[in-house]
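Quick notes on the structure that follows.
The values are calculated or read from the model by the stated rules, or taken from the named source; none is laboratory data. Note that the coordinates shown come from a computational prediction; the quantities given were computed from them, not determined experimentally. Here Cβ is always computed from backbone atoms with ideal geometry, including for glycine, and neighbour counts include all displayed protein chains. The accessibility values were calculated without ligands, DNA or RNA, using every heavy atom of the protein model including side chains. Shrake-Rupley method; radii C 1.70, N 1.55, O 1.52, S 1.80 Å.
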Amino acid sequence: MDSLLQHWNSLAPLTQSVVFSTLKVLGVLFLALLPMVAYSVLAERKISAFIQDRQGPNRASLPLLGSIPILGPLLTKLGIWQPLADGVKSILKEDFTPSYVRKAYFWLAPAITLIPAFMTVGVIPFGSTLGSQKMVIADLNVGILYTFGIVSLGVYGIVLAGYASNSKYPFLGGIRSTAQMISYELAMGMSVIPVFMIIGKLNLSDIITHQAQHGWMALPFMATQQTFASYLLWPCMIVSFGIFLVSAFAETNRLPFDLPESETELVAGYNTEYSSMKFALFFMGEYASMITASCMMVVLFFGGWSLPFFGLDQPATSIIGGLAHIAIFVAKILFFMVVFIWVRWMLPRFRYDQLMDLGWRRFIPVALANILVTAVVMYFVR
Amino acid sequence: MPPISDIFFYLFAAMTLFCGLMVVANPLSRNPVTSAIFLVLTIVSMSGLFVLLHAFFLAAVQILVYAGAVMVLFLFVIMLLDIKEEERRKFKVISSGIGALAVFGTAAIFLKSIGTTQWKGATPTIEGSTVALGKLLFDKFLLPFEIVSVLLLVAMIGVILLSRKELK
């Protein structure tokens with residue numbers, strides 16, 4: 001162990017940082033994001049079952065672990081092994097490519113959907129510090145613009161899937177998704193401008209630090225020292241958050257805005273012609289972008305990894321504090337994931353013209369007015 | 001071994017040029033959607049070049065506005081109009097003459113500005129921080145900025161006028 005440490009310390013700083021970055025990328029992607037995607041699918045099925053008064057997945061079991069006395073049946077009943085079964089099924093099913101599709105785009109589209117959803121996580125600060133390492137993969141000073149840029153690339157996957165399938169329903173789904181995502185991107189982008197006017201930074205770590213000191217954007221009383229200004233700006237932040245939340249539903253193609261794949265009208269929309277693992281990639285992309293959207297809401301409006309109790313509003317100095325911050329961040333994300341799932345099973349789908357009307361004629365004017373009102377309030381407060 | 005930023009510069013520059021060529025002269029496909037996708041790749045690799053110049057804001061906005069919004073609308077229109085694969089156009093003397101004139105004119109301007117610029121070492125001259133860029137835009141270059149926004153307004157009004165069904 002000592003010789004290993006010595007060897008590590010003798011490495012060049014560049015090599016060390018490259019190794020650390022690689023570890024962070026692999027760790028976040030394979031140990032955090034992918035399992036979260038898999039288990040949010042399970043959560044979706046369990047919560048929908050609860051809402052519809054059913055049991056949900058409760059049969060999938062592993063040979064040895066399933067026969068541990070009390071624990072095994074309990075885990076089986078909770079459906080803990082279901083994501084494993086789903087994954088194996090996706091890989092083993094026949095990957096059917098219809099003869100009439102445009103092959104190159106048909107193969108590219110699922111990857112193009114999934115990659116942006118994963119790339120966005122790179123700038124999210126999911127904790128303060130752990131040891132000497134900042135808990136963010138890339139601490140960009142334009143973090144939020146990077147996120148919006150990458151999220152806006154996500155639409156290509158769906159559009160190309162619709163185009164590549166070369167049949168009517170997927171095509172309609174692709175067209176719908178283009179219009180929907182462009183419209184709501186505008187509203188979403190404008191809804192966060194007041195946040196940056198107040199904080200004056202685009203770096204996501206700085207945004208969290210500011211909120212830890214001056215109160216969360218959407219809940220100004222969550223602060224160690226309360227300020228009058230943050231209460232005056234509270235209504236603006238509520239409007240911002242409301243628009244951001246609804247736009248996030250539209251951007252992730254979730255009910256009540258799942259027009260691109262509305263199964264009652266378009267069979268399955270843009271992914272009708274896809275099967276097996278390619279379909280699973282679209283499916284994972286949807287859940288990964290839900291996680292990203294939850295991360296953004298937590299970072300921008302709910303103080304990221306901070307909590308105003310027990311000194312948790314300061315960057316951690318110990319390993320335990322660092323782990324606590326990561327746990328707080330994950331808990332906040334899980335809350336919004338449950339909101340995403342809950343809303344899906346409670347609300348009916350919008351009509352397409354209602355969706356466009358809401359985006360262009362309600363949200364964009366309100367978001368613009370919100371920027372103006374925030375500016376006026378800030379002029380008088382500061 | 002050359003510095004890692006140099007390797008990335010040549011990578012992104014080559015990608016920009018190659019994808020730009022593929023937009024207009026793709027030997028394998030005359031499909032307008034393919035052209036649009038190569039244009040997206042051109043834009044993405046150009047934003048890589050901006051990152052190498054430490055202009056992170058420009059890089060992000062490049063992807064956000066051009067790749068994320070403008071090109072998606074291009075694709076949308078291509079798909080809505082259902083443009084078939086473009087046939088090989090006939091060679092027209094006048095339009096190729098005008099095209100050649102535009103190319104050589106632009107090349108001449110570039111060459112002249114490259115020749116007259118005094119290169120001060122390798123320090124990046126494009127502002128990196130968003131605050132500095134905003135201050136420049138709204139202070140020193142306010143007039144050009146406002147003129148550009150008026151231009152966009154004119155384009156918008158023009159579209160609304162053209163798309164009205166009946167003019168009274």
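Pairing chain A with chain B buries about 1900 Å² of accessible area. This figure sums both sides and uses a 1.4 Å probe. Region A:14-79 and region B:23-82 have Cα centres lying 37 Å from one another. When the square roots of the Cα gyration tensor eigenvalues are ordered a ≥ b ≥ c, the ratio a/c for chain A is 1.5 or more and a/b does not exceed b/c, which makes its shape oblate. Using the Cβ-Cβ distance between A:Val25 and A:Leu84 with R0 set to 25 Å, the FRET efficiency works out to roughly 0.55. Roughly how many Å is it from the Cα centre of region A:159-225 to that of region A:251-279, as a whole number? Computed from Cα coordinates, the inter-centre distance equals 21 Å. If we count every other residue with Cβ under 12 angstrom of A:Ser205's Cβ, Lys/Arg +1 and Asp/Glu -1, where does the sum land? That sum, taken over residues with Cβ under 12 Å, equals 0. For the residues A:Gly157, A:Gly173, A:Gly27, a GNM of chain A with alpha-carbon springs under 10 Å puts the largest fluctuation on A:Gly27. Based on Cα contacts under 8 Å between residues 6+ apart, chain A shows a relative contact order of 22 percent. Element breakdown for the protein assembly as shown at a 1.4 angstrom probe: carbon and sulfur atoms account for 74% of the accessible area.
Taken residue by residue and averaged, Cβ atoms of other chains lying within 10 Å of the Cβ of B:57-69 number 6. Peptides A:330-337, A:37-44 ranked from most to least packed give A:37-44, A:330-337, packing being the mean of other C-beta atoms within 10 angstrom over each peptide's residues. Interface burial in region A:163-185, defined as at least 10 Å² less accessible area with all protein chains than with the chain alone at a 1.4 Å probe, covers A:Tyr163, A:Phe171, A:Ile175, A:Thr178, A:Ala179, A:Ile182, A:Glu185. Our estimate of slack between B:Val77 and B:Leu111, defined as 0.36 nm per intervening residue step minus the Cα-Cα distance, is 8.6 nm. Heavy-atom accessible surface of the protein assembly as shown, averaged per residue, reaches 56 Å², computed with a 1.4 Å probe.
Ligands, DNA and RNA excluded, the heavy atoms of A:Cys295 present near 10 Å² of accessible surface to a 1.4 Å solvent probe.
What separates the Cα centres of region A:318-379 and region B:131-153 is a distance of 31 Å.
Placing A:Ile91, B:Ile37 in order of accessible area, with the largest value first and a 1.4 Å probe, yields A:Ile91, B:Ile37. Computed with a 1.4 Å probe on the full set of protein chains, the accessible area for A:Leu186 sits at about 80 Å².
Of the residues A:Leu34, A:Leu65, A:Leu78, the one that moves most in a GNM of chain A with alpha-carbon contacts below 10 Å is A:Leu65. Here the extension length gained between A:Glu263 and A:Tyr231 equals 7.1 nm, from 0.36 nm per residue of separation less the Cα-Cα distance. Excluding A:Tyr100 itself, calculate the net charge of residues whose Cβ lies under 13 Å from the Cβ of A:Tyr100, where each Lys or Arg counts +1 and each Asp or Glu counts -1. Cβ neighbours under 13 Å give a net charge of +2. Give me the net charge for the shell around A:Val37: Cβ to Cβ below 12 angstrom, other residues only, Lys and Arg +1, Asp and Glu -1. Cβ neighbours under 12 Å give a net charge of -3.
Largest mean-square fluctuation among A:Pro348, A:Pro63, A:Pro110, in a Gaussian network model of chain A whose springs join Cα atoms under 10 Å apart, belongs to A:Pro63.
Note on A:141-148: average number of Cβ atoms from other chains within 10 Å of each residue's Cβ is 5.
Shielding of peptide A:259-268 by partners, expressed as the average count of other chain Cβ atoms within 10 Å per residue Cβ, is 0. Of the whole protein surface, A:Ile319 contributes about 100 Å² of accessible area at a 1.4 Å probe radius.
For the residues A:Trp234, A:Trp305, A:Trp342, A:Trp81, a 1.4 Å probe over the protein chains yields an accessible-area ranking, largest first, of A:Trp342, A:Trp234, A:Trp81, A:Trp305. Distance check, please: which entries in A:Lys134/A:Lys332; A:Lys46/A:Lys77; A:Lys24/A:Lys46; A:Lys46/A:Lys89 exceed 22 angstrom between their Cα atoms? Long pairs (Cα-Cα over 22 Å): A:Lys24/A:Lys46. In this rough spin-label picture, where each label sits 7 Å from Cα along the Cβ direction, the A:Asp357-B:Ser149 distance is 3.1 nm.
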